[in-house]
Amino acid sequence: MTMTEIERALRELRLSGIAATLSTRLMQAQATQQPFLETFASMLQDELDRRRSRLTDKRFKQSRLDERLTLADIDWRFNPKLPRQACFELHALKFIAEGGNALIIGKPGTGKSHVAKAVAYQATLQGFDVRYVEADTEFARYAVCGADEQAALLRAYVEPDLLVLDDLFLARRISEAAAELLQTIVHQRYKHRRSIVVTSNRVVQDWGRHLGDQTMATTILDRLMHRAAMLEFEGKSYRLKEAAARLATATRDS
């Protein structure tokens with residue numbers, strides 16, 4: 001077979017990783033007199049790497065995360081009160097395998113969403129199916145959808161290995177329909193031992209008021225906290241720190 005025929009065959013076999021590096025691997029083998037098996041092994045690794053990369057990109061896209069954050073991005077020295085050890089324990093993802101949950105509660109701007117997104121992104125890298133939603137916005141969208149779309153959305157909330165509900169109760173009070181949706185999600189995921197990470201500025205003692213139903217709040221929290229890590233975020237706001245830095249830069253440049 002000619003080189004053109006080999007490349008065509010690789011495309012037909014959907015071996016795009018090998019096709020992409022074929023010329024390079026051939027030049028490498030000729031230049032170093034590399035044994036055939038070593039060259040072949042390198043080509044197979046190229047194919048595996050390409051497929052893993054595509055799967056990772058696909059999982060990230062399906063997760064609805066808007067950025068690829070890590071715990072390495074956090075300035076822990078700025079906020080020494082953060083539960084650093086608990087954050088890294090969560091990042092290890094053992095809780096997903098155990099069907100556990102995490103509640104990240106605390107002041108605005110202290111890094112709750114950052115940690116939740118970092119955990120979610122790490123989960124996509126480790127092969128888990130993840131769904132990230134901004135809770136209040138997503139619940140409001142669900143309320144105005146038709147029955148078929150609501151059924152599809154509910155499946156999307158219930159089926160992933162990990163669901164992240166970010167900024168729950170940001171608007172203080174959610175609608176009755178949103179409250180019922182939250183209860184359904186928590187109940188279904190609890191039944192199937194699928195993990196939830198919730199971030200919120202609201203302490204759990206006030207959830208009944210934000211839901212408009214204390215009994216419902218008790219039911220939801222009973223399931224959420226049965227197998228859960230509770231992380232309390234105190235300290236200074238990263239957003240205020242960044243805003244002050246931008247203001248100082250603008251003043252200096254003006």
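The values are calculated or read from the model by the stated rules, or taken from the named source; none is laboratory data. Treat the numbers as computed from the prediction; the structure is a model and nothing was measured. We place every Cβ from the backbone using ideal geometry, glycine too, and count neighbours over all the protein chains shown. Heads up: the accessible areas ignore ligands, DNA and RNA and are worked out on the full protein's heavy atoms, side chains in. Shrake-Rupley method; radii C 1.70, N 1.55, O 1.52, S 1.80 Å.
The GluC sites (Glu not before Pro) of region 75-169 meeting both criteria, a DSSP state outside H, G, I, E and B (loop) and at most 12 other C-beta atoms within 10 angstrom of the site's C-beta, are GLU98.
The long axis of helix 176-191 is offset from the longest Cα principal axis of the chain by roughly 60 degrees. Here is the result for region 116-214: no chymotrypsin sites (Phe, Trp or Tyr not before Pro) lie in DSSP coil with at most 10 other C-beta atoms within 10 angstrom of their C-beta.
Considering only alpha-carbon pairs that sit under 8 angstrom and 6 or more positions apart, the relative contact order computed for region 82-211 is 36 percent.
Principal-axis analysis of the Cα atoms of the chain puts helix 16-32 at an angle of about 50° to the longest axis. Is region 29-144 best put as rounded, prolate or oblate by its Cα gyration tensor, with a ≥ b ≥ c the root eigenvalues, rounded for a/c under 1.5, and otherwise prolate when a/b is larger than b/c, oblate when not? The shape class here is prolate. Derived scalar couplings between HN and Hα for region 129-136 equal 7, 10, 9, 10, 9, 7, 3, 4 Hz in order, rounded to whole Hz, by the Karplus curve 6.51 cos²θ - 1.76 cosθ + 1.60 (θ = phi - 60°), x for Gly and Pro. Classify region 184-228 from the C-alpha gyration tensor, please: rounded if a/c falls under 1.5, else prolate or oblate depending on whether a/b exceeds b/c. Note, shape of region 184-228 comes out prolate. Rolling a 1.4 Å probe across the protein heavy atoms gives the chain an accessible surface of 57 Å² per residue.
What is the calculated FRET efficiency for ASP206 to LEU13, with r their C-beta to C-beta distance and R₀ = 45 Å, to the nearest 0.05? So the FRET efficiency works out to roughly 0.15.
Note on region 1-152: lysine pairs with Cα distance below 27 Å, sequence gap of 8 or more or different chains, count 14. Within the listed set ALA31, ALA147, ALA228, the residue fluctuating most in the Gaussian network model of the chain (springs between alpha-carbon atoms under 10 angstrom) is ALA31.
Here's how it looks for VAL164: its modeled amide H is under 5 Å from those of ARG131, TYR132, VAL133, VAL197, which are all 5 or more places away or on a different chain. Volume per residue for region 9-92 equals 177 cubic angstrom (convex hull of Cα atoms). When the accessible area of region 112-247 is computed with all protein chains present and a 1.4 Å probe, what percentage of it is carbon and sulfur? Ligands and nucleic acids excluded, carbon and sulfur reach 50 percent. Find how many whole Å separate the alpha carbon centroid of region 82-134 from the alpha carbon centroid of region 1-24. Using only Cα atoms, the two centres lie 41 Å from each other. Projected onto planes of every orientation and averaged, the convex hull of the alpha-carbon atoms in region 90-162 covers 5.5 nm². Overall, the chain carries a charge dipole of about 420 debye about its Cα centre when +1 sits on the Cβ of Lys and Arg and -1 on the Cβ of Asp and Glu, all other atoms neutral.
Against the main long axis of the alpha-carbon atoms of the chain, helix 112-125 sits at an angle near 30°.
Is it possible to state the helix-based mean residue ellipticity at 222 nm for the chain, with each DSSP H run of 4+ residues giving -39500 (n - 2.57), the sum divided by total residues, to the nearest 500 deg cm²/dmol? What is it? Computed mean residue ellipticity for the chain: -18500 deg cm²/dmol. Contact order, relative form, for the chain: 24 percent (alpha carbon pairs under 8 Å, 6 or more residues apart, mean separation divided by residue count). Site pair ARG84 and THR24 shows an inter-label distance of 3.8 nm when each label is modelled 7 Å from Cα along Cα→Cβ. Note on the chain: GNM, Cα springs under 10 Å; of LEU15, LEU168, LEU82, the largest mean-square fluctuation is that of LEU15. Anisotropy class assigned to region 77-234 is oblate, per the alpha carbon gyration tensor with a/c at or over the 1.5 cut-off and a/b no larger than b/c.
Working from label points 7 Å from Cα in the Cα-to-Cβ sense, the ARG227 to THR137 distance is 3.1 nm. Working from label points 7 Å from Cα in the Cα-to-Cβ sense, the ASP129 to GLN34 distance is 3.8 nm.
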